[in-house]
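Notes for the one structure printed next.
FYI, it's all coordinate maths here, none of it is from the lab. All of these numbers come straight from a predicted model, not from anything done at the bench. Note that each Cβ is placed from the backbone with ideal geometry, even for glycine, and that neighbours are counted across all protein chains shown.
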Amino acid sequence: MLHATELLGGEAYDSAGNFVGRVTELFLEPADQPNRVARVLLGRGRYLPLVARHDHIGFVAPGVIKLNVEEKALDYYGPNESWLAVGKDLLDQQIIDTSGRKVVRVNDIDLEEQRTDGTVELRVTQVDVGLTGAARRLLQGLASPGLIRRLQHKLPTRVIRWEFVNLIEPDPLRRVKLRITNQQLARMHPADLADIMEELSTAERQGIIASLDEETAAEALAELDKRFTKEIVETMTPEKAADIIEEMDPDQAADVLADLAPETSQEVLEEMPGNEARDVRALLQFEGDTAGGMMNTEFVYVGETARRDEVVNWIRSRDVNLESLDSVFLVNGEARFAGVVAVGRLLLADPEQQMVELKSDPLVSVRPDANEKEVFDLFDKYNLRSLSVLDENSRPIGSIAVDDVITRMHQER
Amino acid sequence: MNRTSITERTEAWRERVSGWGKRTRMTRRRLLLFLAVIGPGVITSNVDNDAGGISVYSQAGAQFGYMLLWSIIPMTIALYVTEEMCARMGVITGKGLSDLIREEFGFRPTFFLILAGLVVDMGNVAAEFAGVAASSQIFHVSKYISVPIAAIVVWVLVLRGTYRQVEKVFLVACVFYAAYVFSAFLAHPNWLQAAKYTVIPSMHLNAGYLLMLTALVGTTIAPWQFFYMQAAFVEKRVGKKQYPQARADVMIGSISCMVVVFFIIVCTGATLYVHGHRNIVDAGEAAQALVPLAGRWAGLLFAFGLLNASLFAASILPLSTAHVICEGMGFEAGIDHKFQEAPIFYGLYTGMIVVGAAVILIPNAPLEKILILSQVANGIWLPIVLVFMLLLANRRDLMGEFVNSHTFNVVAWVTTVAMIALTLILVYTAIFPVPMPAILSSP
């Protein structure tokens, strides 16, 4: 195994054994092969630097590269945006470790040699983020290679396999050229993704959000610290912001929009489809720390005389978020609140049973102007999963879920 | 029944209660806009008036009366210019100073810069505990009691609190600097004369005077404060849009810091200098000397200010240093992590407090030597940090339109060069003491 630190600054000789220059950079060409060192930049002091292709390399050892062609076969160097520079783009930069789900800084790059007839290909296998890499960077050129190697064996290793390395590139054009897809990020839990984004700088955060699909972006934004959400949404075009925000639950969307400047949130709302915009506007009227501000207007409610089977079929036919569905609200003939049925009860009930027989005791509800404290107390006292919010005619206008309560209690601490 | 009917009803409901929520929400937002950002600048500048700083200001007043007051205005400008660069870098790039140095200049320079930082800050932490020891002696509390208590308080405060709580405690500590304002009034200075000396420079070409001037500048601009402030702006998630508020925060900070300096110099100048008590060693001695001259309260307030400043800086310095080291080297850092997740961070933090406090508890510890050495170390480290900062703040690829302006660069480079020259003098005289009424070698 070789390390980028050992190669950078090393000497390069051509097939005739003449000194060509010093290795100043290693380039990958991700569009071609994701991990192969495709080009080696050879600096020659005041002369123009040369570039050796991967099939020009005949032998590699720490500090030395021998080419299998003569110097005149090499090209002059011209910058290329689609090349990933190991020294400039990777070493010392932050990357996302998608298997460990955190942001880490690269100390060194580990390379593997692959010999094919007459050429040696270098492939990036892993990045070193631990003390071994740090020791090499510090001592390279100062201490003897043998000493560095011996020291390394005594240090704990922390490496990340190249497949799990997600580069952070704020520039969208460059991201396309380097084939950074962020697919692995989209597969992460939104809460983990949000934690990662909080560690990054503004431009990097925006880059990641821009590269995610709208649904994932919405989930991650909803989990993000409020100040970041605000900062990210404010830099987007209202159309893009609307596309993402309409993927959120209305209460989350209202929370995001409530923090924006009134003009900005108005612009975003205008770009959103009528139904969603109306729901969110309705929620925006409530003070953030009241039951009205906490509630979600998307909830499932049915007539109390409905049969279990009808209800299940109805839910099936609707676009209901099943992950968070834990109760079904009941209303009577006058559309007044009549009770709550836990989904667990629904699961085991007889198909012909009426909803009213399944409802839980006691009948707990709250008015939209109730403050946070009252809501918390109700949840605590009755061990609720969700709580319905009623207007003055006892008609349900929203529901508060237990996860929103936990989030808020956590913020208050 | 469907969702539309519900939303219609909500709409109707909304009309009836038209906007009580909205109005409060808007006024509160405006008010919070500035208050949300204020903090890093004010805190950093005030921490700057730490135990070492207060000692130098007291000496300046005791030895030269009001004669050095004129330096306050140029120092305020220098402090603002250098701090503003860091604030801007933090706000625009969203990265700490050590992160930026690592990403742009590589591993090795970062490593040595950080190593130097650790040594320098270690000295500073010891100096803060020396300040605690000196001030507690005036309240007739033995340093063997006060220093361990202070160390524990500092350790618990930072480890048990979140960033926002800790910041609130720090902002309150800033308010306690008002003790020096009261103490100055109790000293009954000649305000007219003080004002005159503040605006009209009085240069004296004798070694003692120049040395004092150097010490004054050297202690006002400390290198670690740049790392701390930039990190604080990043940690506070202050964004580009809040940059004007951030700048205002830095300006308020640098001005309030220098106002405190003014009152300390006036206080000692009106008493110790006038009564010929001119060779004091540290702020503790200044406080003691104040008692017979300006009354018990002036002395106690002075000592209280010193205690507050020492505790304040002792909480921030180890935290900031541990952050800088861990971020630059890529270890987990931050008080939001558990001990197991960030052992190096907590180890460094705890270690610095323990060592800093332990050094002071050694019987007959040379307290003033520690103070002087820590300032000399600051002086050597400062120019290096300033040059890195200037190089970074001029990088268009990092800063975009927020790159240093031409005029700003001129002011900043002049400040840097002046700082380098002054600190070289300071370092030179600390190593080869001038055979004058030298204030930095023990009298």
**Message:** One residue is enough: does segment B:157-173 have a residue meeting the conditions small (G, A, S), within 20 Å of B:N364 (Cα to Cα), surrounded by 14 or more Cβ atoms within 10 Å (Cβ to Cβ) and touching a residue at least 12 places away in the same chain (Cβ under 8 Å)?
**Reply:** no
**Prompt:** How many residues does segment A:210-227 contain that are crowded, with 21+ Cβ neighbours inside 10 Å and within 14 Å of another protein chain (Cβ to nearest Cβ)?
**Reply:** 1
**Prompt:** Among the residues of segment A:286-300, how many are surrounded by fewer than 22 Cβ atoms within 10 Å (Cβ to Cβ) and facing chain B (nearest Cβ under 8 Å)?
**Reply:** 4
**Request:** Would you confirm whether any residue within segment B:96-110 is buried (at least 24 other Cβ atoms within 10 Å of the Cβ) and either basic (K, R) or under 16 Å from B:S45 (Cα atoms) (or both)?
**Result:** yes
**Message:** Conditions first: (1) within 14 Å of chain B (Cβ to nearest Cβ); (2) farther than 30 Å from A:N166 by Cα; (3) not charged (D, E, K, R). A:V268 passes all but one, so which condition is the exception?
**Reply:** (1)
**Item:** Candidate set from segment B:316-369 (those that are aromatic (F, W, Y) and in a helix (DSSP H, G or I)); member that is surrounded by the most Cβ atoms within 10 Å (Cβ to Cβ)
**Value:** B:Y349
**Asked** Can you tell me which residues in segment A:383-413 are surrounded by fewer than 16 Cβ atoms within 10 Å (Cβ to Cβ), under 37 Å from the mean Cα position of the chain (by Cα) and more than 17 Å from A:V343 (Cβ to Cβ)?
**Response** A:I406, A:T407, A:M409, A:H410, A:Q411, A:E412, A:R413
**Flag if A:R179 is surrounded by fewer than 16 Cβ atoms within 10 Å (Cβ to Cβ) and of a type in the set (K, R)** = yes
**Request:** Would you be able to say whether some residue in segment A:53-68 is outside any strand (DSSP E or B) and surrounded by fewer than 14 Cβ atoms within 10 Å (Cβ to Cβ)?
**Result:** no
**Prompt:** How many residues does segment B:206-250 contain that are surrounded by fewer than 24 Cβ atoms within 10 Å (Cβ to Cβ), within 14 Å of chain A (Cβ to nearest Cβ) and either in contact (Cβ under 8 Å) with a residue 24 or more places away in the chain or of a type in the set (A, V, I, L, M) (or both)?
**Reply:** 8
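Results for (1) under 19 Å from B:T76 (Cβ atoms); (2) of a type in the set (F, W, Y); (3) in contact with a helix residue (DSSP H, G or I) (Cβ under 6 Å, 6 or more places away or on another chain); (4) exposed (fewer than 15 other Cβ atoms within 10 Å of the Cβ), shown as yes or no for each residue.
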position	(1), (2), (3), (4)
B:N394	no, no, no, no
B:L398	no, no, yes, no
B:F402	no, yes, yes, no
B:V414	yes, no, no, yes
B:V417	yes, no, no, yes
**Request:** Go through segment A:1-49 and tell me which strands (runs of 3 or more DSSP E), entirely inside it, have 1 or more residues that are touching a His at 6+ places or on another chain (Cβ under 9 Å) and basic (K, R).
**Result:** A:33-44
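Specify which of the listed residues (A:T157, A:T125, A:T181) is away from chain B (no Cβ under 11 Å), of a type in the set (S, T, Y) and not in a loop (DSSP other than H, G, I, E, B). Steps first, please.
Values: A:T157 fails: not in a loop (DSSP other than H, G, I, E, B); A:T181 fails: not in a loop (DSSP other than H, G, I, E, B).
That would be A:T125, the only listed residue that is away from chain B (no Cβ under 11 Å), of a type in the set (S, T, Y) and not in a loop (DSSP other than H, G, I, E, B).
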